[in-house]
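The values are calculated or read from the model by the stated rules, or taken from the named source; none is laboratory data. Everything quoted here is computed from the prediction, not taken from an experiment. Quick reminder, even Gly has a Cβ in these numbers, built from the backbone with ideal geometry, and neighbours come from all protein chains shown. Please note that ligands, DNA and RNA were not included when accessible areas were found on the heavy atoms of the full protein model with its side chains. Shrake-Rupley method; radii C 1.70, N 1.55, O 1.52, S 1.80 Å.
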Amino acid sequence: MSKALMQLSGLSKRYPEGDTERVVLDGCDLDIRQGEALAIVGPSGSGKSTLLNLIGAMEVPDQGALWFASEDLARLSERARTLFRRRHLGFIFQQLNLVPTLTVLENLLLPLELNGTLDADGRRHALALLERVGLQGRDASFPEHLSGGERQRVAVARALVHGPGLLLADEPTGSLDRETASVVLGLFDELRREQGMTAVLATHASEVAAKADRSLELRAGRLQEVAPA
Ligand SMILES: Nc1ncnc2c1ncn2[C@@H]1O[C@H](COP(=O)(O)OP(=O)(O)OP(=O)(O)O)[C@@H](O)[C@H]1O
Ligand SMILES: [Mg+2]
């Protein structure tokens, strides 16, 4: 397959816990290949969200490197990491992180605003994406008036609106019924084909993992490739 978009080597992450510490990631190595759909699986608490947060430069590892375009994200300044996220990443958080005081459309336009690329085309694109996830006509609603699955779909559309090269999706279909989940996964596939987007999905759902090109399981802080079914 094609070249690595990102290379993770020897990633470790620990969190303090009372007088000791909890080792969540313990030397993870991974090449994320350009254009692939990669699933990260593993039981609750195994470190899937922690790993996505490192890949997305939301947090930095205690040890190890994340090479992206000949730069180690672990060694970038906070500001440089922020710019990396804005330019290259779409992030669907497990907790969604929609802004409650903004409407659905305003939430969707945030990534474009932050990148300074919001124009009439961007608004049309945002509305089109909203329709793609089945939320046409909900642009003026506030997140608190939406169902859990509707909110999740707003978070999906927001992560995609600026055409990111790398999508990081943390349980992106957790609140969706099977049919809506399949619409969302189909949208990711289309964007991978059309725009060469790479997708890394953390998931408990075996249907989601089964659709990925590769699955890796987190176990005792390490990543192991899961043999295809
Ligand atoms: N900021 C933090 N401070 C302390 N401990 C943390 C922090 N973030 C995560 N952890 C711990 O790291 C471990 C892994 O958490 P993580 O959220 O990465 O798991 P997960 O695989 O995403 O689980 P789930 O499937 O439930 O979402 C957990 O034991 C959690 O308590
Ligand atoms: Mg998680």
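Can you give me the angle between helix 178-195 and the longest principal axis of the chain, using Cα atoms only, in degrees from 0 to 90, rounded to the nearest 10? Helix 178-195 sits at roughly 80 degrees to that axis. Computed packing ranks the peptides 42-51, 178-187, 13-22, 156-165 as 156-165, 42-51, 178-187, 13-22, most packed first, by mean other Cβ atoms within 10 Å. Sequence-ordered 3J(HN,Hα) estimates for the range 38-54 from the Karplus curve with 6.51, -1.76 and 1.60 and θ = phi - 60° stand at 10, 9, 10, 10, x, x, 4, x, 7, x, 4, 5, 4, 5, 4, 5, 6 Hz, glycine and proline given as x. Where does helix 148-160 land angle-wise versus the long Cα axis of the chain, in degrees 0 to 90, nearest 10? With rounding to tens, the tilt is 80 degrees. Extension gain for E179-R14 works out to 55.6 nm (0.36 nm per residue, less the C-alpha to C-alpha distance). For the range 113-156, the carbon plus sulfur part of the accessible surface works out to 47%, probe radius 1.4 Å. In the context of the full set of protein chains, the range 112-220 has a per residue accessible area of 47 Å² (1.4 Å probe).
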